[in-house]
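Enquirer: If you scroll down you'll find the structure; I have some questions about it.
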Amino acid sequence: MAYFVTGATGFVGKHLVKRLLKRKGQIYCLVRAESQDKLAECVETWGSKAKKRVVAVEGDLAAPNLGLSSKQLSELKGKVKHFYHLAAIYDLAADAQVQVDINVGGTRHAVTAASAMEAGCLHHVSSIAAAGMYNGVFREDMFEEAENLQDPYFRTKHESEGVVRRESKVPFRIYRPGIVVGDSRTGEMEKIDGPYYFFKLIQKMRNILPPWMPTIGIEGGRINIVPIDFVADAMDHISHVKGEDGGCFHLTDPKPRRVGEVLNTFARAGHAPQMTMRVDARMFGFIPKSVRQGVAMLAPVRRITQQVLNDLGIPREIMKFITYPTRFDSRETERVLKGTKIKVPPLSSYAEKLWDYWERNLDPDLFIDRSLSGQVRGKVVLVTGSSSGIGRAAALMLGRAGAKVMLVARKREKLEEVLAEIEAEGGEAYVYTANIADMTHCDELIDSVIADHGQVDVLVNNAGRSIRRSVMYSFDRFHDFERTMQLNYFGSLRLIMRALPSMMERRSGHIINISSIGVLSNAPRFSAYVASKAALDAFSRCASSELLDQGINFTTINMPLVRTPMIAPTKVYQSVPTISPEEAADFIKQAIIFKPVRIATRLGVFAQVGFALMPKVWQVLLNTAYRLFSDSSAAQGGAKRGQEKASQEQIAFASLMRGIHF
């Protein structure tokens with residue numbers, strides 16, 4: 001006795017062959033020439049028996065007789081007792097014509113090949129999708145009753161099953177598995193499919209909310225989930241039971257769960273908050289279909305929906321299962337399996353294994369290159385103010401990561417020192433002197449970099465000026481506001497405006513603006529500085545909305561107090577908590593890798609929320625801080641000497657409001 005298997009290297013195929021190896025007989029596996037290595041890998045995992053009993057048969061599902069020659073068919077004639085046809089496309093999002101060619105055409109070729117071999121029985125693996133969107137209970141003896149087969153996947157699975165029923169000249173058995181998930185004992189799964197598409201949503205909820213937080217979710221139809229070990233065990237057993245030819249077997253869960261129950265089961269497994277209140281999606285059925293379709297076709301609705309689905313990695317096609325109306329009777333399967341230990345385990349008993357395997361092996365985030373080098377190697381990154389402080393630390397970091405670093409500042413000597421450090425570590429950097437407060441210099445800088453290197457991939461607007469002075473000491477110093485705005489806002493803006501045309505032409509670019517936590521906290525004594533940074537923040541928010549679909553990203557970093565030469569004149573800062581330039585550079589690293597809209601500390605976000613919810617209370621708090629600290633003697637114009645050394649009270653307050661400057 002021998003077996004012939006198509007799709008042996010697929011998920012179901014690998015598990016079925018492993019079971020067939022426990023029986024006697026050669027196992028012939030159809031494999032394309034380019035997939036020989038994949039089969040060889042499977043043989044290694046199947047063990048020593050497989051090396052002797054698994055025989056690779058080169059062919060092609062898309063070719064007549066599976067691409068087998070007359071000689072090959074003749075050699076197999078009369079030998080094959082069981083012909084398993086598993087090869088197919090199991091992908092709702094696959095191209096419609098490809099699904100027709102493989103699912104329908106491939107099945108037809110398998111049928112003719114099985115007939116030419118005079119196989120004892122053709123075992124065709126169909127799917128519950130063959131029922132379409134049947135409204136009610138679909139029995140194992142039903143086929144023609146299938147409804148709503150407009151979806152290419154549903155239609156081709158139905159048509160391929162019809163080919164077997166109508167055209168097979170050898171006895172056949174048909175198996176319709178439910179939505180197949182990983183092994184109930186190990187969690188092993190090959191790819192993201194079915195309920196796995198919602199795991200990223202559950203994971204994001206876990207990262208945002210505590211597990212005890214009640215949430216509102218959605219309820220829908222019943223989805224039929226079965227683990228791969230049940231499917232393989234059931235197929236292996238049923239295919240060897242005598243007297244079942246011509247039968248169709250639903251390899252499904254006799255007690256399927258509703259969508260909301262399934263999601264909550266996985267939420268528990270992932271320690272995420274559960275949907276305490278679930279809104280039944282069918283409630284929206286009272287809205288006329290034409291209205292629902294009309295709203296869904298609105299450009300903003302369509303784009304927002306697609307963006308959310310893309311962020312979560314959920315194909316639009318999977319959403320139809322939310323209101324899946326079909327239930328499956330499996331009495332024939334239960335009859336044949338009676339007396340065995342083969343049955344569908346409850347999802348709750350193995351959900352944790354599925355979740356753990358996904359998070360360790362299949363989570364898409366595991367395959368994202370989160371290294372700085374992976375994002376900037378060979379790219380042109382321009383850093384203003386790179387002769388000292390944050391800019392210098394960022395430039396050194398980028399040089400080590402393999403970026404082409406454009407070093408920009410007013411003094412060449414200091415830039416040359418940074419250049420030497422980068423080159424000593426094997427990096428690549430170039431020096432450009434410019435005064436960012438001079439608009440002509442800004443234009444010449446961008447033009448020169450593009451002329452020399454072809455483009456600017458990342459622009460880091462770091463150069464800036466800070467002035468710590470109360471408004472009461474600024475009445476006759478309007479120029480403080482002008483020069484701060486000139487550098488921090490107009491200079492950065494000029495660089496952005498000059499670099500954008502090239503970025504838009506390439507549909508690629510990233511602009512990172514080093515802002516301040518003061519914009520979020522409304523720090524007293526920094527009205528000039530905060531206003532200039534707030535202006536740049538506001539511009540970026542507006543421009544990013546215009547340029548989002550142009551492939552250009554804006555990131556604002558609301559930096560906390562950093563220990564740089566810029567804060568050195570304020571002696572009190574020597575005794576309060578600050579972060580180092582290297583720690584500040586890490587914020588830039590995160591910006592480049594993840595491209596978020598904003599990066600801020602938790603205290604910064606808290607300050608913004610506090611002011612939004614209780615502005616008067618927040619003002620009282622800041623006024624208290626303002627009175628607790630004092631202006632430096634320089635800020636007071638030398639009128640009287642300010643406190644230069646921090647008191648214990650000031651240190652305690654600064655520690656509580658870590659990173660906010662006063």
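Here is a yes/no grid of residues against (1) in contact (Cβ under 8 Å) with a residue 40 or more places away in the chain; (2) in contact with a Ser or Thr (Cβ under 6 Å, 6 or more places away or on another chain):
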residue	(1), (2)
63	yes, no
72	no, no
91	yes, no
99	yes, yes
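Enquirer: So for the range 399-417 (the condition being crowded, with 20+ Cβ neighbours inside 10 Å and part of a helix (DSSP H, G or I)), does at least one residue qualify?
Expert: yes
Enquirer: If you check 467, 450, 512, which single one turns out to be buried (at least 23 other Cβ atoms within 10 Å of the Cβ) and assigned by TED's automatic domain parsing to the domain that holds residue 429? Talk me through it step by step, then tell me what you get.
Expert: On the way: 467 fails: buried (at least 23 other Cβ atoms within 10 Å of the Cβ); 450 fails: buried (at least 23 other Cβ atoms within 10 Å of the Cβ).
That would be 512, the only listed residue that is buried (at least 23 other Cβ atoms within 10 Å of the Cβ) and assigned by TED's automatic domain parsing to the domain that holds residue 429.
Enquirer: Here is a further query. Can you go through 268, 360, 327 and tell me which one is modelled with pLDDT of 90 or more, loosely packed, with under 12 Cβ neighbours inside 10 Å and in the same structural domain as residue 212 (by TED's automatic domain parsing)?
Expert: The match here is 360.
The rows are residues; the columns are (1) modelled with pLDDT of 95 or more; (2) in contact with a Phe, Trp or Tyr (Cβ under 8 Å, 6 or more places away or on another chain); (3) crowded, with 20+ Cβ neighbours inside 10 Å.
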site: 3; (1), (2), (3): yes, yes, yes
site: 6; (1), (2), (3): yes, yes, yes
site: 17; (1), (2), (3): yes, yes, yes
site: 25; (1), (2), (3): no, yes, no
site: 28; (1), (2), (3): yes, yes, yes
site: 34; (1), (2), (3): no, no, no
site: 41; (1), (2), (3): no, no, no
site: 44; (1), (2), (3): no, no, no
site: 51; (1), (2), (3): no, no, no
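Enquirer: Looking at (1) loosely packed, with under 14 Cβ neighbours inside 10 Å; (2) over 24 Å from the mean Cα position of the chain (by Cα), which one does residue 374 not meet, given that it meets all the others?
Expert: Going through (1) loosely packed, with under 14 Cβ neighbours inside 10 Å; (2) over 24 Å from the mean Cα position of the chain (by Cα) one by one, residue 374 breaks only (2).
Enquirer: So residue 228 ticks every box in (1) touching a strand residue (DSSP E or B) at 6+ places or on another chain (Cβ under 8 Å); (2) assigned by TED's automatic domain parsing to the domain that holds residue 362; (3) surrounded by 20 or more Cβ atoms within 10 Å (Cβ to Cβ); (4) not aromatic (Phe, Trp, Tyr) but one. Which box is left unticked?
Expert: (2)
The values are calculated or read from the model by the stated rules, or taken from the named source; none is laboratory data. Predicted model only: the values in this text are computed from it and were never measured. A quick note on method: Cβ atoms are made from the backbone with ideal geometry, for glycine too, and the neighbour counts reach across all protein chains shown.
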